[in-house]
Amino acid sequence: MYKIAVLGDRDSVLGFQALGLDVFPAEKVEEAKHILHDLAKGGEYAIVYLTEQYAAHMQAEIGRYKDELTPAIILIPGKEGSLGIGMANVKSAVERAVGADIL
């Protein structure tokens, strides 16, 4: 059975541990890049929630897994709030699927 991971800075992700999700706090963006690669390579995680603050510096890594079946990388706001990157990605995905901007 697949698992769900949450990756980001410690303060943003620790709360998800209470929900039973696997939490991977990273001190720096470079560490988060390595963790994301390990999570994707392992094949046991279907979803990886990633904070927008780290995702802003990891576009190449996120793009690498964009068209892969697993893991689905979902951007979530971090403790600093939303940067709008996650919503922009959802808008882009809907536009690709539908063929028009309906949002």
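Report yes if some residue within the range 46-64 is modelled with pLDDT of 80 or more, more than 24 Å from LEU14 (Cβ to Cβ), assigned to a loop (DSSP other than H, G, I, E, B) and not acidic (Asp, Glu); otherwise report no.
Quick first cut of the range 46-64, residues modelled with pLDDT of 80 or more only: 46-64.
Right, trim to more than 24 Å from LEU14 (Cβ to Cβ) and you get 59-60, 63-64.
Checking which are assigned to a loop (DSSP other than H, G, I, E, B) leaves us with none.
So far as the range 46-64 goes, no, none of its residues is modelled with pLDDT of 80 or more, more than 24 Å from LEU14 (Cβ to Cβ), assigned to a loop (DSSP other than H, G, I, E, B) and not acidic (Asp, Glu).
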Of the criteria (1) over 20 Å from PRO77 (Cβ atoms); (2) assigned to a helix (DSSP H, G or I); (3) open to solvent by 60 Å² or more (accessible area, probe 1.4 Å), which one LEU14 fails: (1)
If you go through LYS41, LYS33, the only one that is among the basic types (Lys, Arg), open to solvent by 30 Å² or more (accessible area, probe 1.4 Å) and either assigned to a strand (DSSP E or B) or free of Cβ contacts under 8 Å to residues at least 24 places away in the same chain (or both) is LYS41
Candidate set: the range 65-83, residues that are touching a helix residue (DSSP H, G or I) at 6+ places or on another chain (Cβ under 6 Å) and open to solvent by less than 40 Å² (accessible area, probe 1.4 Å); chosen: the one nearest to GLY15 (Cα to Cα): GLY78
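The values are calculated or read from the model by the stated rules, or taken from the named source; none is laboratory data. No experiment lies behind these values; they were computed from the predicted model shown. Ideal geometry is used to build each Cβ from the backbone, glycine not excepted, and the neighbour counts take in all protein chains shown. These accessible areas exclude ligands, DNA and RNA; they are computed on the full protein's heavy atoms, side chains included. Shrake-Rupley method; radii C 1.70, N 1.55, O 1.52, S 1.80 Å.
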